[in-house]
Amino acid sequence: MSPSSLEQIDEALAALAPRGFTIGLHIRYSRPVRRISTYPSRWIQAYTRANLGVGDPMVIWCVLHQGSIRWSDLARIMPDPLNVMGQARDHGLTHGVALSWGPPESRSYIGAARDDRDFTDTEITRMSQLLRRAHDIVERGASLRPILVDALEAIACGMTYDQACAALGISRTALRYRLGQARTALGVEDNGHAIRKAIDAGLLNGVSVSGLSKGLPTGPDGD
């Protein structure tokens, strides 16, 4: 049975990728509309602190290609000047696969890892199906510009207007304008309804309001 929600897709991916996964849906304005990562927390923190995303061969391949590739094959064709793949192995992400789907202007991707063996063709096919399903679910939902998502996310995290303005580096007038634009785009009249609708559409998922830390960390604390 095809999963009917993003949460069910996340659960299916977790069962397929025992060492964790990252899914980014609809990369627009240089960042995904929705991003979830269940990699080990120490790897997520190391990756974020060193800003490894700028040189991650998996991310670069997914931006440039559509399809799937095992990390072992990726290592033979893509440069890795920051040794991202080597550092991943040091954190137990020994075997993996990258998958991408969608047009270049709104591409979605999955990175999934194991520590015991390569993914089978059947597992990769299943992850490809899940990626396409997640891509379609978010595409049918409301689409918001990232700055509007950030404004909603700040309020959803329980910040006051002053705290949200400080976190986002904007004025109260700018924050009110962005929240108003988000409400209009979502077709609701108050922030609470906007937040609930954005969550249902998979547009809100994290506790951070900036950069690569969006949606992180969600993995275990161990190695």
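The values are calculated or read from the model by the stated rules, or taken from the named source; none is laboratory data. Bear in mind that the values here come from a model prediction, so they are computed numbers and not experimental data. No Cβ is skipped: glycine too gets one built from the backbone with ideal geometry, and neighbour counts run over all protein chains shown. Side chains are part of the model used for accessible areas, which takes the heavy atoms of the whole protein and leaves out ligands, DNA and RNA. Shrake-Rupley method; radii C 1.70, N 1.55, O 1.52, S 1.80 Å.
Using only the Cα atoms of the chain, construct the convex hull and provide its projected area averaged over every direction, in square nanometres to one decimal.
It is 12.1 nm².
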Summing -39500 (n - 2.57) over every DSSP H run of at least 4 in the chain, dividing by its residue total and rounding to the nearest 500, the 222 nm mean residue ellipticity is -14000 deg cm²/dmol
In Å², rounded to a whole number, the accessible area per residue of the stretch 5-120 with probe 1.4 Å is 44
GNM of the chain, Cα pairs under 10 angstrom: of Ser171, Ser68, Ser128, the biggest fluctuation goes to Ser171
Semi-axes in Å, largest first, for the stretch 1-53 (Cα gyration tensor, √(5λ)) are 22, 17, 6
If every Lys and Arg gets +1 and every Asp and Glu gets -1 at its Cβ, then about the Cα centre the chain yields a dipole, in debye to the nearest 20, of 540
Amide H neighbours of Gly20 at under 5 Å, excluding residues fewer than 5 places away on the same chain, with H built from the backbone geometry, are Ala113
Counting only protein heavy atoms with a 1.4 Å probe and every protein chain in place, the carbon and sulfur fraction of the accessible surface of the chain in whole percent equals 52
Counting every C-alpha pair in the stretch 10-107, the percent lying more than 15 Å apart is 63
Here the stretch 149-155 yields Karplus 3J(HN,Hα) values (6.51, -1.76, 1.60; θ = phi - 60°; whole Hz; Gly and Pro given as x) of 4, 4, 5, 4, 5, 4, 5
Counting only residues 5 or more apart in sequence or on a different chain, those whose built amide H sits under 5 Å from that of Leu144 are none
Rounded to the nearest 10 Å², the 1.4 Å probe accessible area of Ile69 is 20
